[in-house]
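Undergrad: Structure incoming, see below.
The values are calculated or read from the model by the stated rules, or taken from the named source; none is laboratory data. Being a predicted model, the structure only gives us computed values, none of them experimental. Positions of Cβ are backbone-derived with ideal geometry, glycine not excepted, and every protein chain shown enters the neighbour counts. Remember, those area values only see protein heavy atoms, side chains included, never the ligands or the DNA or RNA. Shrake-Rupley method; radii C 1.70, N 1.55, O 1.52, S 1.80 Å.
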Amino acid sequence: MSAPADLVVTGIGVVSPLAAMAALAAPPRAGNAAPAPAADAWFDADARLGPRGHKYLPPAARYLLAAAGDALADAGDCLAGIPEERRGAAVGTNHAVAALHARMDRTVISEGADGLSPATAPFFSVNLFGSHLSGRFALKAFNVTVTSPGVAGLEAVQMGLRAVTAGRSALLLAAATEEAREGGTHTDSGAVALVFERRQAATARPVRRHGSCRVRSAFVPPSLLREASGRAQARDRLVAHLAEPGADAPPTHLVLDDSPVAAVAAQAVGATGAAVTYEAVGSGSLRPMLRLAGLLAVARGPARLVSAIAQGHVAWAETRPEDARADGSAPC
Amino acid sequence: MEPVAITGLGVLCCLGSGTDVFWRGLATARPAPAPVGDPHARMPLPICYAVPDGAVPDRPDHLGGLPLGRASRMAVAAARQALADARLTGMAGAPYAIVVGTGMGDSGLHEQHRCDSPPDGKELGPVFVVGSALGDALGWTGPCISVSNACSAGGFALTVAADLIRAGEADVALAGGADAYSRVALACFNRLGAIDPLRCRPFDARRRGTVFAEGAAMLVLESALHAERRGALPPTAWLLGDGWSCDAHHPTAPEPQGQQIRRAMRAAIEGSGSDADAIGCVIPHGTGTALNDVVESRALHAVIGPRCARLPLYSLKALVGHTGGAAGALAAVTGALIARRRAVPPNAPLDEPDPDCPVWLPDGGPTPLTGRHVLVNAYAFGGNNVSFVLAGGDPR
């Protein structure tokens, strides 16, 4: 896997009900079981974003702004030395707009277009969720939204890092945001944001360098998997991507659904000899990014994350912590 | 920037299917938007430039057991055209890349199911599966990326694909865009008062907004080395340079001074290894929206200079409407054809040219392409801008 141009993660922002639920999961007092939280009760927009400026933003846009704000705060004064036209953003999502579309469509069917809110109407376009980041943080190099099923968040990291390497920006804010689809579970809501910048820039100020990250992707045509020979071909291709001759495979975390595509990806990872852990991908692009943020925050050695989904998309990220200082303290 | 070869083209739009039909239509057809055939489209102006039903194939209709919508099927049809044009058929298993732009994906399918409950009771899958449908239909195994930058998605897809090739991550990439009728999108534009009741008429003094359209366009991109090795040089056209920017200004309105769209154009021209004097034609974003056309006209004058007054523009949306996430890709196909054929098709005549948009839209007949390069712009909600420079024949 070729390295992106000397980029390190200096900022991590996570907005997820999973974090809020950790508090809710505290043992309830006898006879007083904790109620299930309401769909959006876990997120206090005023507390996270201030009292103004977010009234008409859909939930996924609010989550994204909060996560981006946290990531940039974590990265310290990273924007100060970067011209606005050298700051880029890449955002992945699958369902940020799904629930909103459903509400809008029911309004059109029952009342007509005049029943739509003109303040909310522009958000029919999914790129507006990410575009708010540019307005808020003056990210003028580029702002790209990507939407491949399951892997859109990792795809945003990959595409954004490629763009930085191509010279399109000097700093990247890569993120994923989702609002759970109607009828879905609210743990599929939330946002993750990561700040990437040049190691040299990060080294020049007192900020923690969480590590480096590389993402690659491939496609496994689902129709190929109907035959055993096709499954073997697909597995072997992924093994060729993931196995490095003469090197031990890093511990690998799988974020998968229950599809044949995911099964092939799991077999390929198994063939590398890696120590494997697993979790379900859920709905949307958030879960792989939550895990990626976790690896960057706490992994003490190289680690790999592999995500695969029924529609054929497979993406893998490799993280590497910054080398420890001689005195053993965290690099900063 | 390293030139990337464009070796195949495919297109579906209101003019029909195929690049020959498309090129003839650019010169001779004068289509008009028509009411959408959706009884639930409760809005003042339910109009669209639709792809003729006969031009949209019935298959592929499923991906892994989930139904596919019209945008996915149009994308696959355009892709098959482009690959046949590039003589790259039968490449299942190849590690080639796919990058597709789509603003609404298969939203139309979800909207249809909202009114007509799914016959099998199954849950519908994700909306943005156009890239997935392409990957499965072609059997390709490289990166498969879905870009959803609204009306500039197709242009971004083309340049993301070029980045992939320049970075050595793929030798070949299929890039383009596809969008089909969406009730939600059209209703929201109605609510915003951004639909022209008559037709799409960019740069006309009496324009009232844009008019949505269906369309798909695909281009086969290759590294020059790969194209040379398989005897595909000279290609149809070259992608010489591109530039991205973001207004960071307003959700729907362009930044009035056009600073960032100028920057994208200048980056594209600089990346082409030449200068503004080499531009022989511009395919503007030109949507028919009041402020956007003025800002783009002024930015073109700032970038091109005084020569802009006699530089031919081809206003594609005036003919085929605004194809959303496909628009940049349709413009790329048009630009590639202009570069190859060395002629700018006649524009759909304006009723009353807008004096605030001092651009030249020749409409009497084909205009010879006098410069070497074609500049293409694609802009979007959120101020997401991309420009790129195409050339035919010798890349320099």
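Undergrad: Can you work out the Karplus-derived ³J(HN,Hα) for every residue in segment B:338-345? Use 6.51 cos²θ - 1.76 cosθ + 1.60 with θ = phi - 60°, whole Hz, and x for glycine or proline.
TA: 4, 5, 6, 8, 6, 8, 9, x
Undergrad: Summarise the partner chain shielding of A:81-90 as one whole number: the mean count of Cβ atoms from other chains within 10 Å of each residue's Cβ.
TA: Across the residues of A:81-90, the mean count of other-chain Cβ atoms within 10 Å is 2.
Undergrad: B:I6: net charge of surrounding residues, Cβ under 11 Å, Lys/Arg +1, Asp/Glu -1, itself excluded?
TA: -1
Undergrad: So which residues in segment B:191-220 end up with at least 20 square angstrom less accessible surface once the other protein chains are there, compared with the chain by itself, probe 1.4 angstrom?
TA: B:R191, B:L192
Undergrad: Then there is this: Give me the Kirkwood hydrodynamic radius of segment B:4-229 in Å, from all C-alpha pairs, to one decimal place?
TA: 18.1 Å
Undergrad: Sticking with this structure for a sec: Restricting to DSSP H runs of at least four residues, report the calculated mean residue ellipticity at 222 nm for chain A, -39500 (n - 2.57) per run over all residues, nearest 500 deg cm²/dmol.
TA: -10500 deg cm²/dmol
Undergrad: Amide H of A:V146: which non-local residues (sequence gap of 5 or more, or other chain) have their own amide H closer than 5 Å, using H built in the peptide plane?
TA: A:V91, A:G92, A:T93, B:S148
Undergrad: Taking all pairs of distinct Cα atoms, average 1/r, flip it, and tell me the Kirkwood hydrodynamic radius of the protein assembly as shown in Å to one decimal place.
TA: 25.4 Å
Undergrad: At each listed q (0.14, 0.17 Å⁻¹), what is the log10 of I(q)/I(0) that the Debye formula gives for segment A:211-332 modelled as equal alpha-carbon point scatterers?
TA: For the requested q values the scattering log ratios are -0.58, -0.82.
Undergrad: Another question, then. What accessible surface, in Å², does a 1.4 Å probe find on A:F129, ignoring ligands, DNA and RNA and rounding to the nearest 10?
TA: Per-residue accessible area (A:F129): approximately 0 Å².
Undergrad: Per-residue Cβ counts within 10 Å, from other chains only, averaged over B:134-142: what number is that?
TA: Across B:134-142, the average partner-chain Cβ count within 10 Å equals 5.
Undergrad: Another question about this same structure. Quick one: if you stick a label point 7 Å off each Cα along the C-beta vector at A:D114 and A:D248, how many nm between them?
TA: 7.1 nm
Undergrad: Based on alpha-carbon atoms only, what is the radius of gyration of chain A relative to the globular estimate 2.2 N^0.38 Å?
TA: Compared with the compact-globule rule of thumb, chain A sits at 1.02.
Undergrad: May I pose another question? With a 1.4 Å probe and all protein chains left in place, how much accessible area per residue does segment A:251-316 have, in Å²?
TA: Each residue of segment A:251-316 exposes 33 Å² on average to a 1.4 Å probe.
Undergrad: Still on this structure, please answer the following. How many angstrom lie between the C-alpha centres of segment B:127-186 and segment A:146-175?
TA: Centre-to-centre (Cα) distance: 14 Å.
Undergrad: Same structure, new question: Let me know the shape class of segment A:7-203, please: from the alpha-carbon gyration tensor, a ≥ b ≥ c as square roots of the eigenvalues, rounded when a/c is under 1.5, otherwise prolate if a/b is greater than b/c, or oblate.
TA: In terms of gyration-tensor shape, oblate.
Undergrad: Mind listing which GluC sites (Glu not before Pro) in segment A:142-193 are in a DSSP loop and have 16 or fewer other Cβ atoms within 10 Å?
TA: Sites meeting the loop and neighbour criteria: A:E182.
Undergrad: Let me ask something additional. What distance in nm separates the two pseudo spin-label positions at A:A19 and A:D258, each 7 Å out from Cα along the beta-carbon direction?
TA: 3.1 nm
Undergrad: So how far apart, in nm, are the two label points at B:T370 and B:D53 if each is 7 Å from Cα heading toward Cβ?
TA: If labels sit at B:T370 and B:D53, their model points lie 4.8 nm apart.
Undergrad: Taking N as the number of residues in segment B:238-391, what value does Rg over Cα atoms divided by 2.2 N^0.38 Å take?
TA: Cα Rg divided by the expected 2.2 N^0.38 Å: 0.93.
Undergrad: Tell me, what % of the accessible area of chain B is carbon and sulfur with a 1.4 angstrom probe?
TA: Using a 1.4 Å probe with all protein chains present, chain B comes out at 52 percent carbon and sulfur.
Undergrad: Would you compute, from DSSP H runs of 4+ residues alone, the mean residue ellipticity of chain B at 222 nm, taking -39500 (n - 2.57) per run and dividing by the full residue count, rounded to the nearest 500?
TA: That comes out to -9000 deg cm²/dmol.
Undergrad: Please give the solvent-accessible surface of B:K317 in Å², to the nearest 10, using a probe radius of 1.4 Å with every protein chain present.
TA: The value for B:K317 is about 20 Å².
Undergrad: Would you mind getting me the FRET efficiency between B:E2 and B:A290? Use the beta-carbon distance for r and R0 = 30 Å, nearest 0.05.
TA: Working from the Cβ atoms, E equals 0.15.
Undergrad: What is the Cα centroid distance between segment B:290-355 and segment A:215-283, reported in whole angstrom?
TA: Measuring centre to centre over Cα atoms gives 46 Å.
Undergrad: Chains B and A: what accessible area do they bury, summed, in square angstrom to the nearest 100, with a 1.4 Å probe?
TA: 5000 Å²
Undergrad: Let me ask you something else. With every protein chain kept in place and ligands, DNA and RNA left out, what is the accessible area per residue of chain B? Probe 1.4 Å, answer in Å².
TA: That works out to 31 Å² for each residue.
Undergrad: Quickly rank B:266-279, B:361-374 as a protection proxy: mean count of other C-beta atoms within 10 Å, highest first.
TA: Highest to lowest by the protection proxy: B:266-279, B:361-374.
Undergrad: For segment B:50-184, what is the percent of antiparallel DSSP beta bridges, rounded to the nearest 5?
TA: 20 percent
Undergrad: Still on this model: Counting alpha carbon pairs within less than 8 Å and at least 6 residues apart, what relative contact order, in whole percent, applies to segment A:99-181?
TA: Relative CO of segment A:99-181 lands at 22 percent.
Undergrad: Enter the mean number of other protein chain beta carbons within 10 Å of the beta carbon of each residue in A:209-220, as an integer.
TA: Mean inter-chain Cβ contacts per residue within 10 Å come to 3.
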